[in-house]
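Single-structure report; data block below.
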Amino acid sequence: MKQKTSFLLLLMLLIASAAAMARTESRLEKQGCAKRLIVDGKPFIIIGGEAGNSMASSPDDVACCMDVALRHGYNTVLMPVVWELIEPQKGTFDFSSVDEIIRQATDSRLKVGILWFGAWKNSMSCYAPDWFKKDSKTYPRARTRSGKPLEIASAFSAKVAEADAAAFTRLLSHIAETDTAGTVIILQIENEIGMLEDARDHSPLAQKEYAKGVPGVLTASLNLLNQKKSLHPQLLEKWQAAGMKQKGSWTEVFGDDIYTDEIFMAWNYGRYVEGLAQIARRIFPTMPLYVNAAMNSRGRKPGEYPSAGPLAHLKDIWHVAAPTVDILAPDLYDSGFTDWVRAYALADNPLFIPEIKCAQPNAAQAFYAVGEHNAIGLCPFAYNGRTALSETAYQAAGTAALGNLTPLIAAHLGKETMNGFYFDADSTERILRRDGLRITARHYFTLPWDPRATDGSPWPAAGGLIVRTAPMEYIVAGSGLVLTFEPEDSGTAPEKKLGEDGFLASGSDRGAEKESRWKGKRIGLASVEEISIADDRSQKRIRTFNGDETHQGRHVRIGVDDFRILRVKLYEYE
């Protein structure tokens, strides 16, 4: 019976692989020090949103998701595909919910990311079918150290993996056979995988695996990574503290604490996911695959957050355990956006943010992630909820500007010719030293002209990017930015408070100032133009800003209520 089941799975894989070859498949393509996403043969940035968790269960909800996505100006929606909906009885499949998602997205000219809610969703097995959940003897649960069973399927059960893999195979085979338009462009395997209430599974199957000790392939791979100096500092420090042993029990190699339990669990979650990733890769040879992580934030310890998920400090364990997975992706709901992004934007991990709190900063965050870290996309979660019309219009303006910039961004990804900016009330300035220039970027509210800057109003998040397109020529885009340009080696003048007219707020005694003779050159604005960018990267001038909009040549600025793309040409004088 087992041989017959394996043969049928293999046959389905072969049929699905042949069907997938007939469609134009998405892929990741290396360029410089980064990877860019290619869709329909062209560079693509995922400017999208992730739908609410249960939106796939109703055609009306799916329609709402597509409608709101279009109003936001998105090009992609991330949609959950739920195991209990597609396999309501064991071995009986219903793909009507999947077909509805793909049909409506295709009709709306949107791309889709499929989120597999299989054995785990936010650690729990809550979207598994009831026949799976009720039969805990066949499909055992993870257990805490005290033996308490959890609503979490055990990753150490061959039966759990077999049932999950069978449904996953049938799903992807169906998509390969029916999605001839290539609407599906990226796949998420499981959702926020991880252990809760304890750092690792203590079920009998888990204990048996734990007793085997650390696999030699893991320590051998960590050695190679250490030689390349790419091991995460936290993992390296822990391994060094235990003597960097090459074999032994988990506590002998990594120390005796809950963080070693987390490493053990990360290895085994990674191996489980690798089995699914290999299925996906056989059906879709190039489509990007990712796993997402709930963050280890707010001072929580393993088990208080979903332990052993694809977290930044466990990246090396996951990369060795699941080499077929392309991206470890963060889900961001806490403060410290730029720090979280930096932790995941690594040479061995392209940046993709599949979930982020849906809020005013989203468009600015997308500009920053793309400009500073070559991100392939950012998706606010539950974007289909109620949103004020004014905020929808603001987000739509941001996504439209980022979409317009895509051809230019794609040409510069990985070439170190771009930077991003992200500002809020606590972080209002960044200085770049590049191309022989000192480029100072600030939050728009550092100017006194908008009354909201000084009347106690909260400072909205602001963000954007800058691209060097030629010597002394830049594209500046985003919202809420002010930029000045000076020679890199010039001194920094003391900051003086400006009034609402943009000049000094009050007079000063020039006789009291001791002014030394100026030496060196200065940088001026030859022209500042608002532009649009075509698919072939040609630029069309919309209007020229060389007067009040640049404070008579003193700076480049974009207000907090606008998203603009500006072409800035500089000149040097003395």
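A few points about this structure:
- Spin-label proximity, D257 to region 212-241 - amide N less than 19 Å from point 7 Å beyond Cα toward beta carbon: 232-241
- Annotation: average projected area of region 236-359 is 8.7 square nanometres, based on the convex hull of Cα atoms across all directions.
- Where labels lie 7 Å past Cα in the beta-carbon direction, separation of A347 and T440 in nm: 3.4 nm
- Expected 222 nm ellipticity per residue - DSSP helices of 4 or more, -39500 (n - 2.57), all of the chain, to 500: -10000 deg cm²/dmol
- At R0 = 41 Å, FRET efficiency that the Cβ-Cβ distance of K301 and K519 yields, to 0.05: 0.10
- Between the listed residues M244, T484, C33, the Cα displaced farthest toward the positive end of the dipole of the chain, a dipole computed from Cβ unit charges relative to the Cα centre, is found at M244.
- Gained length - D535 relative to R145, 0.36 nm times residue gap less alpha-carbon distance: 134.7 nm
- Residues within the reach of a label modelled at Q246 (point 7 angstrom out along Cα to beta-carbon, backbone nitrogen below 12 Å), restricted to region 208-226, are 216-217, 219-221, 223-224.
- R109 versus D489: modelled label distance in nm, points set 7 Å from Cα along the beta carbon direction: 5.3 nm
- Taking the chain and dividing mean pair separation by its residue count, relative contact order in percent (alpha carbons under 8 Å, at least six apart): 13 percent
- Listed values for region 198-211 are Karplus-derived 3J(HN,Hα) couplings in whole Hz (6.51 cos²θ - 1.76 cosθ + 1.60, θ = phi - 60°), namely 8, 6, 8, 6, 10, 5, x, 5, 5, 4, 4, 6, 4, 5, and x replaces Gly and Pro.
- The chain, dipole about Cα centre (Lys/Arg Cβ +1, Asp/Glu Cβ -1), debye to the nearest 20: 1380 debye
- Computed extension gain for A382 through E237, at 0.36 nm per residue and net of the alpha carbon distance, reaches 48.4 nm.
- Peptides 350-356, 331-337, 97-103 ordered by packing proxy, namely the average of other Cβ atoms within 10 Å per residue, highest first: 350-356, 97-103, 331-337.
- Compactness of the chain - radius of gyration and Dmax, Cα, Å: 26.3, 97
- Extension gain for the segment E429 to Q227, taken as residue separation times 0.36 nm less the Cα-Cα distance, is 69.0 nm to one decimal.
- The T286 and A359 beta-carbon pair, evaluated with R₀ = 41 Å, returns a calculated FRET efficiency of approximately 0.75.
- Listed peptides 454-467, 263-276 by packing density, highest first (mean Cβ within 10 Å): 263-276, 454-467
- Packing-based ranking, highest mean first, of 215-222, 201-208, 47-54 given that Cβ atoms within 10 Å are counted: 47-54, 201-208, 215-222
- Kirkwood Rh in Å, taken over region 168-266 so that all alpha-carbon pairs contribute: 16.3 Å
- Value in Å of the Kirkwood radius, where region 284-410 supplies the Cα pairs that are averaged: 15.7 Å
- Two-site FRET efficiency, E197 against D561, from Cβ-Cβ distance with R₀ of 30 Å, rounded to 0.05: 0.05
Bear in mind that the values in this text are calculations on the coordinates, not laboratory data. Keep in mind it's a predicted model, so treat the numbers as computed, not measured. With ideal geometry, Cβ positions are generated from the backbone for all residues, glycine too; neighbour counts draw on all protein chains shown.
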